[in-house]
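What follows draws every value from the coordinates through simple rules; no lab data is involved. Only a predicted model underlies this, so the values are computations on that prediction, with no experimental measurement involved. Here Cβ is always computed from backbone atoms with ideal geometry, including for glycine, and neighbour counts include all displayed protein chains.
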Number of protein chains: 2
Amino acid sequence: MSNDSAILREIAEIPTVLRQSSAVQFEAIGKAVHALGGEKPRLLATMGRGSSDHAATFLRYAFGISLGIPGSSISPSMSSIYGRQLDLKGALCLVVSQSGRSPDIVRAAGMARRGGALVATIVNDMSSPLAKEVDVVIPINAGEERAIAATKSFMGAAAAGLRLLTILSSDASLRRALDTLPDVLEQTDRNHTIDLFAIVKARTAFVIGRGPALGIAQEAALKLKEIVQFPAEAYSSAEVRHGPWQLGQTDCALVGWKTDAVSSESQNAVVSAYRALGRPVLDLQDIGRRSAENLGNMIAPLIPLPGFYRALVMAAMQLGLDPDRPKLLSKVTETI
Amino acid sequence: MSNDSAILREIAEIPTVLRQSSAVQFEAIGKAVHALGGEKPRLLATMGRGSSDHAATFLRYAFGISLGIPGSSISPSMSSIYGRQLDLKGALCLVVSQSGRSPDIVRAAGMARRGGALVATIVNDMSSPLAKEVDVVIPINAGEERAIAATKSFMGAAAAGLRLLTILSSDASLRRALDTLPDVLEQTDRNHTIDLFAIVKARTAFVIGRGPALGIAQEAALKLKEIVQFPAEAYSSAEVRHGPWQLGQTDCALVGWKTDAVSSESQNAVVSAYRALGRPVLDLQDIGRRSAENLGNMIAPLIPLPGFYRALVMAAMQLGLDPDRPKLLSKVTETI
């Protein structure tokens, strides 16, 4: 294991993946935009499981804030279990998947096409059944991913969706921010080390984010389970003030994920209130602050992610776990 | 406290609330259907926080399965933090709230109206600001709720939404099932006692459900946090097989919520696989089996809920907690 573990190599590849995927993604995005015929979709429907579903949450918020279109997370069970054809006329459906091989996701993508959506897949494996089922294939282009936990493919999927958004919204500043992101990630990684020690000693934890950051907080909470066997749950910083707040009476830690500038005030207020309860708090709001200032709202939550992934690997090794191969998991989960 | 606690009285009132709300809800639903002008909505948008949001999840699945319309959970932050007007033309927006007083929910309801949705509120407090903001008010009609944790108002909200669905879908069997539900709940309560002892001794737990049952599993997981200070997270029985499954290596218990007949095979397979890991499992699939057989798919997940609420109160008392007043919570959470 040690430093030649697959997951550490894949985390290190993230900036390169983001740089190299730009041209090939914009070519595919051109096809998607052409197929939409200049019409703004009336709904962003998304499909995904696990990490991919969290990238989809991130994108639903980003598309909603930027374009004013509502987002719908379509459960694969709607077709795989209930055999229900949804009416998706006028919708853009984004199916996110690393492997493109989960049977329920492939089936759900077919249902979305028959329901009238333009279906675009953000996928890493271009030879997968999913890539053959859809209207437009946007490659994550992350190369093979050997570790079971997705890292470079998650970041690549989030960036691919934002690149699509830059074109649909004609947002030149978001496009420039995406071009700068690899450098910012490298610089942030040099200047910050995330330490999960106090968090994973607790009984459980919240990871809080707001807006697009909620999707990335979901990803962080999932990875805490997957890599460190640590039970963490993601919440919006408003939602956590409802019933979940009662766990502040117990040994429940809190990770305040980095949010955009617009929601940081609300997020900081929750972090402060939680700190006053005397529980362990890891606040990532300041990570990459200077370099993030010019990047705008959508990008900020992605900045702590490589460092967080690396901190998870370190914590797993300290606990005697193999971060490349979580014992009960496999790379393709065959659910229906 | 003991048997005269407010929450126990409110749980006992559930069958009566469901019986007495029928007429007043159908009157309001008539107005909603008239306002829709015979058109099937192209989107079910929902808004809610905490328990109310879980009732909304339950309803999005039920409306999707029954009517084939996609569902969208609209985050209140979209208007309260991001100031974004969503385009919701042709959508039916259901805003679920016990109090009708959370500022972000009231603001989001106004955004939905300006965005072109027909906005109906399922609300308990008819004098609330929310009731004045919307097109149609469907009363939960649960009477005053004194305990901080919602119980009768949750069941009432779920039933109100299903009553709307019976009319939109012309589903006479669902309507009959709703009429029978209060009797089934009373009968189930007499014949079954739910024991949470082995679950709340674990470090954490999953509550799994599928389809509409996922919303009720979310409600159960929230109540475990709120009333017993026990960290539980809800998952679909497909989603839990991804990264979260790794927690089966640790002291993580599992509650298999009762699902509908269509998804019970998939659910049972997960419960069996989890049991094989040797962790504590509470399987509610068989609760009210005989009486549920004639009730169809949508209703089944509601059947264990009163017994589960009561089990939570018993567990809280054993742990020396006050189930009426979780220490860090208040009845109206003022988030923006």
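Divide the volume of the convex hull of the Cα atoms of chain A by its number of residues and quote the answer in cubic angstrom per residue.
So the per-residue hull volume is 126 Å³.
Which stretch or stretches of region B:107-126 have amide N atoms under 19 Å from the point lying 7 Å from B:Thr16's Cα along the Cα→Cβ direction?
The answer is B:124-125, whose backbone nitrogens lie closer than 19 Å to the label point.
Which is the longest part of chain B that has none of the GluC sites (Glu not before Pro) sitting in a DSSP loop with at most 16 other Cβ atoms within 10 Å?
Values: sites that count: B:Glu39, B:Glu144, B:Glu293, B:Glu334.
Segment B:145-292 is the longest.
Only residues of region B:8-42 count here: report those whose backbone N is under 18 Å from the spot 7 Å along Cα→Cβ of B:Met317, or say none.
Flagged as within label range: B:8-14.
What ranking do B:Met78, A:Met317 get, fewest neighbouring Cβ atoms within 10 angstrom at the top?
A:Met317, B:Met78
Lysines near A:Lys152 by alpha-carbon distance under 29 Å, same-chain residues fewer than 8 away left out - which ones?
Result set, ordered by chain and number: A:Lys31, A:Lys132, A:Lys201, A:Lys223, A:Lys225, A:Lys258, A:Lys327, A:Lys331.
Using the basic label-point model (7 angstrom from Cα toward the beta carbon), what is the A:Asn268 to B:Val262 distance in nanometres?
Going from the A:Asn268 label point to the B:Val262 one covers 4.8 nm.
Which residues make up the longest stretch of chain B clear of trypsin sites (Lys or Arg not before Pro) that lie in a DSSP loop with no more than 13 other Cβ atoms within 10 Å, not counting the sites?
After excluding every exposed loop site, the longest remaining stretch is B:202-326.
Please report A:Met314, A:Met47 as a ranked list, fewest other C-beta atoms within 10 angstrom at the top and most at the bottom.
Ordered from fewest to most neighbouring Cβ atoms within 10 Å, A:Met314, A:Met47 come out as A:Met314, A:Met47.
Along each of the three principal axes of the Cα atoms of region B:189-318, give the extent in whole Å, ordering the values from largest to smallest.
39, 35, 22
Evaluate the charge dipole of chain B about its Cα centre and quote only its size in Debye, nearest 20, assuming +1 on the Cβ of each Lys and Arg and -1 on the Cβ of each Asp and Glu. Show your work: numbers first, answer last.
Details: 35 positive and 32 negative charges, 104 e Å.
The dipole magnitude comes to about 500 debye.
I'd like the FRET efficiency for B:Ala198 and A:Asp179, computed as 1/(1 + (r/R0)^6) with the beta carbon distance as r and R0 of 51 Å, rounded to 0.05. Intermediate values should be presented prior to the final figure.
Working: r = 54 Å, r/R0 = 1.06.
Plugging the Cβ-Cβ distance into 1/(1 + (r/R0)^6) gives 0.40.
What number comes out for the charge environment of A:Tyr82, summing +1 per Lys or Arg and -1 per Asp or Glu over other residues with Cβ under 12 Å away?
+1
Using Cα atoms only, what is the angle between the long axis of helix B:305-318 and the major principal axis of chain B, expressed in degrees (0 to 90) to the nearest 10?
That helix lies at roughly 50 degrees to the long axis.
What number comes out for the charge environment of A:Tyr309, summing +1 per Lys or Arg and -1 per Asp or Glu over other residues with Cβ under 13 Å away?
Computed value for this residue: -3.
Please arrange A:His192, A:His34, A:His242, A:His54 by how many other C-beta atoms lie within 10 Å of their C-beta, fewest to most. Show your work: numbers first, answer last.
On the way: A:His192 14, A:His34 10, A:His242 22, A:His54 28.
Neighbour counts put them in this order, fewest first: A:His34, A:His192, A:His242, A:His54.
5 Å is the cut-off here: which amide hydrogens, built 1.01 Å from N in the peptide plane, fall below it relative to A:Thr204, excluding neighbours closer than 5 in sequence?
Amide H neighbours of A:Thr204: A:Ala253.
Sort largest first and round to whole Å: the equivalent ellipsoid semi-axes of region B:1-102, each the square root of five times a Cα gyration tensor eigenvalue.
Working: eigenvalues 165, 80, 31 Å².
After scaling each eigenvalue by five and taking roots: 29, 20, 12 Å.
Normalized C-alpha radius of gyration of the protein assembly as shown, against 2.2 N^0.38 Å?
For the protein assembly as shown, the normalised Cα radius of gyration is 0.89.
Where the only charges are on Cβ atoms (+1 Lys, Arg; -1 Asp, Glu), what is the dipole of region B:19-166 about its Cα centre, to the nearest 20 debye?
140 debye
Rounded to whole Å and sorted largest first, what semi-axes of the equivalent ellipsoid does the C-alpha gyration tensor of region B:2-170 yield via the square root of 5 times each eigenvalue?
So the three semi-axes of region B:2-170 are 25, 19, 13 Å.
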